[in-house]
Number of protein chains: 2
Amino acid sequence: MSTIEFQARQSVEQVEESTDFAPKFGPDGLLPCITTDADTGEVLMLGWMNKEALLLTIETGEAHYFSRARQVLWHKGATSGLVQKVVEARIDDDQDAIWLRVSVAGSGASCHVGYRSCFYRAVPVAEDAGKPLKFLEDQKTFNPVEVYGDVPNPTQL
Amino acid sequence: MSTIEFQARQSVEQVEESTDFAPKFGPDGLLPCITTDADTGEVLMLGWMNKEALLLTIETGEAHYFSRARQVLWHKGATSGLVQKVVEARIDDDQDAIWLRVSVAGSGASCHVGYRSCFYRAVPVAEDAGKPLKFLEDQKTFNPVEVYGDVPNPTQL
């Protein structure tokens, strides 16, 4: 049983300008979470949290998510060892998105494909619009087959 | 009419490991967009894009979003002047989230409340779990009333 209580959302002023923590989950019960490397500022992943994942993240100081692919609570790093320790957590103006600055154990990777960041490809813009994606990381930090074995790939078409 | 075509999603390998741009929009037609300051790495906001907003962002090199509160396409900065110029755009492994590194015109603010970042409050974690939110920016970079006048506040309870 959690000792933390979320506040009821009573007014725009309360949500935006007070110190009340009154997060808003979407119709699917989830809230998006931006996770960045606390040292480099690189965005590692965009995850999703249900109420339980958010409470566990706050209480333990380790990132927990809700896996939309597997529909289960997910303690990041439980399989791979690449636990994300929360250095700072921030909530946005209308309290429907969270930002975690984390330090990652081990190799520092956060992406199930094996890259450091899930955002390992650039989308060309402006005068380069329409060109193919461009890879930004030239090698994987771990071998997903060795780490995850035959756990199903979470990517859904 | 756009000159850019998104690719059809055919396999996990194509989506994760190829240079094909095959973004996946949610059931509501939207894709989350993380926007960070290209210089400082600070997360400025989490926005949402429909297909049109994503195409316009890529073609113009300026961030466009879809406002969920107003249900309209939104050229960021059209009212405030605080246009976000895209320095780099990245897509994630399963191509259902985008990350924009931007430089912001004018005062550099991106938050309708008047702060630089929408994430101006920290959520205490671990041994501090349950304490009130903590403000991280001590002053607003602009006066929202002067900039937006009586445009309705987008925050929804």
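Which whole-number percent is the relative contact order of the range B:71-128 (Cα, under 8 Å, 6+ apart)?
So the answer I get is 23 percent.
Determine the share of the range B:9-97's accessible area contributed by carbon and sulfur atoms, expressed in whole percent, with a 1.4 angstrom probe.
Reported share for carbon and sulfur atoms: 47 percent.
With a cut-off of 8 Å between alpha carbons and a minimum separation of six or more residues, what is the relative contact order of chain B in percent?
In percent, rounded to a whole number, it is 19.
What list of ³J(HN,Hα) couplings, whole Hz, do you get for the range A:147-154 from phi and the Karplus terms 6.51, -1.76, 1.60, once you set θ to phi - 60° and write x for glycine and proline?
These are the phi-based 3J(HN,Hα) values: 7, 9, x, 9, 4, x, 5, x Hz.
Counting Lys and Arg as +1 and Asp and Glu as -1, each charge on the Cβ, what is the dipole of the range A:88-157 about the Cα centre in debye, to the nearest 20?
Dipole magnitude for the range A:88-157 comes out near 300 debye.
Could you compute the FRET efficiency for B:A105 and B:E127, with r as their C-beta to C-beta distance and R0 at 25 Å, rounded to 0.05?
0.05
Hey, what do the phi angles of the range A:38-50 turn into as Karplus ³J(HN,Hα) couplings, whole Hz, using 6.51/-1.76/1.60 and θ = phi - 60°, x for Gly and Pro?
5, 7, 8, x, 5, 6, 8, 6, 10, x, 10, 10, 8
Cross-link candidates for B:K134: which aspartates and glutamates have Cα within less than 13 Å, leaving aside residues fewer than 8 places away along the same chain?
A:E16, A:E17, A:D20, A:E88, A:D92, A:D93
Using the 4.7 Å Cβ rule, please list in number order the cysteines from chain B without any candidate partner.
B:C33
What FRET efficiency comes out for A:Q14 versus B:E5 if R0 is 51 angstrom and r is the Cβ-Cβ distance? Round to the nearest 0.05.
The pair A:Q14/B:E5 has a calculated efficiency of 0.65.
7 Å along Cα→Cβ for the label point: how many nanometres lie between A:D39 and each equivalent label in the other copies, listed shortest first?
2.5
Give the average, rounded to an integer, of partner chain Cβ atoms located within 10 angstrom of each Cβ in A:84-92.
Taking all residues of A:84-92 together, the mean is 6.
Just to be sure I understand: chains B and A are related by a rotation, so which residue of B has its Cβ closest to that axis, and how close in Å?
B:G41, 1
What does the helix-only formula give at 222 nm for chain A: each DSSP H stretch with n ≥ 4 adding -39500 (n - 2.57), the total divided by the residues, and the result rounded to the nearest 500 deg cm²/dmol?
After summing the helix terms and dividing by residue count, I get -3500 deg cm²/dmol.
Taking a probe of 1.4 Å, how large is the accessible area per residue of the protein assembly as shown, in Å²?
46 Å²
Quick one: work out the % antiparallel among DSSP beta bridges in chain B, nearest 5.
That works out to approximately 80 percent antiparallel.
When the Cα centres of the range B:54-126 and the range A:113-157 are compared, how far apart do they sit, in Å?
Centre-to-centre distance over Cα atoms comes out at 23 Å.
Can you give me the distance in nm between label points at B:N153 and B:V87, each placed 7 Å from the Cα along the Cα-to-Cβ direction?
3.2 nm
The values are calculated or read from the model by the stated rules, or taken from the named source; none is laboratory data. It should be emphasised that the depicted structure is a prediction, and the values quoted were computed from it without experimental measurement. Backbone-built Cβ (ideal geometry, glycine too); neighbour counts: all protein chains shown. All accessible areas refer to the heavy atoms of the entire protein, side chains included, with ligands and DNA or RNA removed. Shrake-Rupley method; radii C 1.70, N 1.55, O 1.52, S 1.80 Å.
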